[in-house]
Amino acid sequence: MKRVVVFGLAGLAGLLTFASATFSDTDPFALPPTFTSQAVFSCGNLTMNSGALTDSEGLIVPSQSTGLGHVISNGNVTLTSNARVNGNATAGPAPKSVSASGTVTGVRGNLASPLACGPIDLAALGSTLQTTNNNSTIGKTSGNKDPLSGANRTVFSMNSNDSITLAAGTYYFTKLTLGSGSSIATSGTVRILCTGNISLNSNSSVNVNGSPFNLRLFSSGGSFTLDSSSTLKGFVYHSSPTANVNLNSNATLKGGLYGGKVTLSSGAKVYRVVDDRTPTPTPTATATPSPTPTPVATNPPATPTLTPTPSATPSVSPTPSPTPGPTDPFLLLPAFTDQVLFSCTDVSVNGNSTIDSQGINPGSPGTQGHVVANGDINLNGSIQLKGNAT
C-alpha cells in the first residue's frame, strides 16, 4: 500500500515549507536550522532604513512561500519609515525592543534568551582550510587576470567589470574584494571561508544564476559589505558579533544572513529562500507481467531495495529487513510508511485538500491516509482526511 497526498494550492504552500539542506556534524559548512529559520539574524542591533525589505520565497515556486522573511536580533530592531518586514520581528530579551515605526506583517516580540552569535567555530575551520582547500583550481578571470595574490595566495580580488566561474569546491581567503560590475559564477556547490574583510562593490554579482543552497560564504573578518545595486544568492554567516554587516542601497541578498551587526540601507532587500523541493522518495519498483515477475524501478537505485512477491497479480514487497543495514542506509523504516504525514511538531492542512492512500496498483482501496504529529493537527477548510489523525 502506498500513500499519496493530493493538495490544493494553499495546502501545498503550507505543507511543503521545510528547512534547507540537512545539518550534519561532519560538514562544517552545513546549515543548522537556526541559519534558515529567518531572513536575517543580527547579533547586535538590527537597523532597516527607509525602503529596506525582508521577505521570503520558495526555491522552486517563489510565490508560494512569501511572508516568512522574519528578522531576529539579540539587540534592538529599528525600522525607519517605509521599512518593511514581511514576517515576524523579534528583538533581544527585554528591555530590547522592536520600533513602532515601519511595517511588520507578523508579530513584534522578544527573545526569551539571546541566540548564539557564533554557533560554528570558524577559527578551527580556518586552521584546517589554510592547508586543505581548492584554491589551486582557480584559474584566470575573463580579463586574463589572476585573482589570487599575497604570500600564500589567499587574497582574492577582481577588477571592475571582470568575471570568473568557481568550480565546486572549498576555498580559503584572507580577504575578498570584487570591483564594481564584476561577477562570480558557480558551477556546483561552493563553500568559501574568508578570515578578513569582504567587499562586494557596486553592481557586482555572486552566484546570480545558481541556487542559493549552492553557495555558503562564511566570514570571521571585521566587515562584510554588499554594496549598492549588488546581488548575492547564497547563505552568509559572520561569526564575529561586532562585525559590521552592511547591505547598501538597493543591494539584494537571496538565501539568508546570520551574524554581526546588520544594517540594511534604503532599498536593500533580503529574501529568505525556503527549500520547497518535494522530498525524493525511495524508488518504487513495479513488476512486469511475466512468469517470473521482474521489478522495474521508475528511478532505479544503485542497490535495488525492492523485490517482487510472486502472485497471480505481480506486486512488490520491501526487502525483508526492518532495520537499515550497513549496505543500504536509505532503506525505509516501517515508521516511514505507516502514514502519509508525520510531523515532529504541528501539522496544518489548508484549503481544498485530500489526504488518502492507494495501493501500488492505482485504484486499490484507500482509507489509510493517516496523519501523525507530536504536536497539534489543524485542518482548515474543506479537508478530506481518509484515515486517522493522531
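Read-outs throughout are calculated quantities, based only on the coordinates presented, and are distinct from any laboratory measurement. Please read all numbers here as calculations on a predicted model, not as lab measurements. Quick reminder, even Gly has a Cβ in these numbers, built from the backbone with ideal geometry, and neighbours come from all protein chains shown.
Going down the table (Lys140/Lys254; Lys175/Lys233; Lys96/Lys261; Lys145/Lys254), which pairs top 21 Å between alpha carbons?
Check vs 21 Å cut-off fails for Lys140/Lys254; Lys145/Lys254.
Extension gain for Asn159-Asp27 works out to 44.3 nm (0.36 nm per residue, less the C-alpha to C-alpha distance). Packing, taken as the mean count of other beta carbons within 10 Å per residue, orders the peptides 154-167, 126-139 from highest to lowest as 154-167, 126-139. Note on Thr242 and Asn134: the model spin-label points, each 7 Å out from Cα along the C-beta direction, lie 3.5 nm apart. In angstrom, the C-alpha Rg and Dmax of segment 115-236 are 13.5, 45.
Report note on the peptides 28-40, 106-118: ranked by the mean count of other C-beta atoms within 10 Å, highest first, their order is 28-40, 106-118.
Starting from the Cα of Asn82, move 7 Å in the Cα-to-Cβ direction to define the label point; list residues of segment 240-257 whose amide nitrogen is under 14 Å from there. Hits in segment 240-257 for Asn82 at 14 Å: 249-250.
Can you work out the FRET efficiency for the pair Val107 and Ser266, with r the C-beta to C-beta distance and R0 = 35 Å, to the nearest 0.05? So, using R0 = 35 Å, E works out to roughly 0.90.
At q = 0.21 Å⁻¹ the log10 of I(q)/I(0) for segment 50-206 amounts to -1.15, computed by Debye summation with a single uniform scatterer per C-alpha, solvent ignored.
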